[in-house]
């Protein structure tokens, strides 16, 4: 049973949903009322959010490293800010990785 997608430049040619037999490209999944297709959409969006969370955590962690490299002031504000960025960035990355596992 080889059903190909009629959409030009289909992102997933040759893959079909086992329930509704529609192509699993994003255009069909968005318009489908099939529960399996909707579950796949929710899984994809959750996965994208977790990837974004890991990316934001990495950026904040790198800002913490950058603040550690800056000259320190007399009050220690730069060090406190750097440590806060390092902790928050590490926590966001850890949560993102933990949620994806």
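The values are calculated or read from the model by the stated rules, or taken from the named source; none is laboratory data. Only a predicted model underlies this, so the values are computations on that prediction, with no experimental measurement involved. Quick reminder, even Gly has a Cβ in these numbers, built from the backbone with ideal geometry, and neighbours come from all protein chains shown.
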**Message:** Can you tell me which of (1) more than 30 Å from residue 91 (Cα to Cα); (2) modelled with pLDDT under 75 is the one residue 40 doesn't meet?
**Reply:** (1)
**Prompt:** Can you tell me which of 91, 66, 61 is under 25 Å from the mean Cα position of the chain (by Cα), surrounded by 14 or more Cβ atoms within 10 Å (Cβ to Cβ) and more than 30 Å from residue 22 (Cβ to Cβ)?
**Reply:** 61
**Item:** In the range 23-37, residue surrounded by the fewest Cβ atoms within 10 Å (Cβ to Cβ) [restricted to those that are part of a helix (DSSP H, G or I) and modelled with pLDDT of 75 or more]
**Value:** 35
**Asked** So, in the range 1-18, of the ones that are in contact with a helix residue (DSSP H, G or I) (Cβ under 9 Å, 6 or more places away or on another chain) and surrounded by 12 or more Cβ atoms within 10 Å (Cβ to Cβ), which residue ends up modelled with the highest pLDDT?
**Response** 17
